[in-house]
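Colleague: Okay, here's the structure, questions in a sec.
Each reported figure results from applying straightforward, stated rules to the coordinates on display, with no laboratory input. All values derive from a computational prediction rather than experimental measurement. Heads up, the Cβs are rebuilt from the backbone with ideal geometry, glycines too, and the neighbour counts pull from every protein chain shown.
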Amino acid sequence: MGPRTPHPLHPHPPPAEPTCLVGLSGGARGMKLSAITLDCADPLALAAFYQQATGLDLHPKSNAEFASLGSEGDISIGFQRVDDYRAPSWPDQEVPQQLHCCFRVADLAEAEARLVELGAGRPEYQPNAGRWRVLTDPAGHPFCIVGG
């Protein structure tokens, strides 16, 4: 994989590993989380899944290399294309997950059914299915939905 270059939606060159991007704009210690960026093979396809799941807006400059979802003043979710992307293999750690997002939902069963219909996977292993569900997005990243 060659060096990564800056993208108009991502002002600094992304690091070699998946990461949370932190903006220096307030918060208890001078930092406020501004974006989470996921590696994937197809940024626009993965952005479409999360757009349908969250209702966040697709940034108009999103493209096949980098896509971003967000709304004014909220955290954004970025998706960056990576050559030879390998999906995390949760729950085993052959390919570690490196991070996961959690989304609060009003009704676990309803949210799970909707997300599976959109293309999410549901791993057999569920560590606490009564309180949260672990799902995987279409690129294989684990994420949780939390009731309440």
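Colleague: Subtract the Cα-Cα distance of A113 and Q52 from 0.36 nm times their separation in residues, and report this length gain in nm to one decimal.
Modeller: Separation in residues times 0.36 nm, less the Cα-Cα distance, equals 20.6 nm.
Colleague: Continuing with this model, one more query. Go through 55-62, 40-47 and give me the packing order, highest mean Cβ count within 10 Å leading.
Modeller: 40-47, 55-62
Colleague: Sort 107-120, 75-88 by the packing proxy (mean of other Cβ within 10 Å over each peptide's residues), most packed first.
Modeller: 75-88, 107-120
Colleague: Write out the GluC sites (Glu not before Pro) in region 28-101 meeting two conditions: DSSP loop, and at most 14 other Cβ atoms within 10 Å of their Cβ.
Modeller: Of the GluC sites (Glu not before Pro), the ones in loops of region 28-101 whose Cβ has at most 14 other Cβ atoms within 10 Å are E72, E94.
Colleague: Okay, moving on. Return the percentage of antiparallel bridges among DSSP beta bridges fully within region 57-148, rounded to the nearest 5 %. Don't skip to the answer; put the middle values down first.
Modeller: Working: 12 of 17 bridges.
Within region 57-148, antiparallel bridges account for around 70 percent of the total.
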